[in-house]
1. Quick one: is residue 40 assigned to a strand (DSSP E or B) and farther than 22 Å from residue 202 by Cβ?
2. Being part of a loop (DSSP other than H, G, I, E, B), in contact with a helix residue (DSSP H, G or I) (Cβ under 9 Å, 6 or more places away or on another chain), modelled with pLDDT under 90 and surrounded by 14 or more Cβ atoms within 10 Å (Cβ to Cβ), is that true of even one residue in region 51-63?
3. For the list (1) within 14 Å of residue 39 (Cα to Cα); (2) buried (at least 17 other Cβ atoms within 10 Å of the Cβ); (3) touching a helix residue (DSSP H, G or I) at 6+ places or on another chain (Cβ under 7 Å), I need the number of the one condition that residue 193 fails.
4. For region 64-86, which residues satisfy the criterion of being exposed (fewer than 14 other Cβ atoms within 10 Å of the Cβ) and assigned to a helix (DSSP H, G or I)?
5. Yes or no: region 188-198 includes at least one residue that is at pLDDT below 85 and closer than 30 Å to residue 47 by Cβ.
6. Quick test for you: out of 122, 109, pick the one residue that is crowded, with 20+ Cβ neighbours inside 10 Å, in contact with a helix residue (DSSP H, G or I) (Cβ under 8 Å, 6 or more places away or on another chain) and either at negative phi or modelled with pLDDT under 85 (or both).
7. Consider residue 18 against the criteria (1) touching a strand residue (DSSP E or B) at 6+ places or on another chain (Cβ under 9 Å); (2) surrounded by fewer than 18 Cβ atoms within 10 Å (Cβ to Cβ): it satisfies all of them except one. Which criterion is unmet?
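The values are calculated or read from the model by the stated rules, or taken from the named source; none is laboratory data. Bear in mind that the values here come from a model prediction, so they are computed numbers and not experimental data. Note: ideal-geometry Cβ built from the backbone for every residue, glycine included; neighbour counts use all protein chains shown.
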């Protein structure tokens, strides 16, 4: 399952391909990063990644004054995350002996796709979102982390500190960053990652 920038980059492309309403792209982008709040609040992936569209209507709520179109596009972004999580790992079958290659590949993909992200200074929606048992402070903290992450991805040392603090539970994963560097220096892997993004076409969720 890909990391945050990959989700954002693929959603932006999906939105443009299907001529979906640009005023609501920001809502969809905010929605597509919400499932991974599980890293911050330490809950199981099954609690945030196993919804149908109908179930999601009961899981994500907002105040009554919010624009219903904003909320529906927020939920569309959320569902896009779940489907991309299922699709993305099936695109690759690299042979490696490194135990954490999948994680290194996710990080490298985010670094490769960072230039594809356009006009993203903030992701936090300007309306209140209620999701599962997470409180408003947790949701705000998650969006603040993502904004830091977008900046940190320009500097691997900062990215490393941020990921270990927020996603890896401060666990030191052996040789992870050396493996990321190896991937970024491997032309065949880079071409495969870029081709997957370039060839990506989804007409509907």
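1. On the way: assigned to a strand (DSSP E or B): no; farther than 22 Å from residue 202 by Cβ: yes.
Spelling it out, it is not the case that residue 40 is assigned to a strand (DSSP E or B) and farther than 22 Å from residue 202 by Cβ.
2. Yes, there is a match, as at least one residue in region 51-63 is part of a loop (DSSP other than H, G, I, E, B), in contact with a helix residue (DSSP H, G or I) (Cβ under 9 Å, 6 or more places away or on another chain), modelled with pLDDT under 90 and surrounded by 14 or more Cβ atoms within 10 Å (Cβ to Cβ).
3. Checking residue 193 against (1) within 14 Å of residue 39 (Cα to Cα); (2) buried (at least 17 other Cβ atoms within 10 Å of the Cβ); (3) touching a helix residue (DSSP H, G or I) at 6+ places or on another chain (Cβ under 7 Å), the one that fails is (1).
4. Scanning region 64-86 gives 68, 69, 83, 86.
5. Step one: list which residues in region 188-198 are at pLDDT below 85, which gives none.
No, that holds for no residue.
6. 109 is the lone residue from the list that is crowded, with 20+ Cβ neighbours inside 10 Å, in contact with a helix residue (DSSP H, G or I) (Cβ under 8 Å, 6 or more places away or on another chain) and either at negative phi or modelled with pLDDT under 85 (or both).
7. So the condition that residue 18 fails would be (1).
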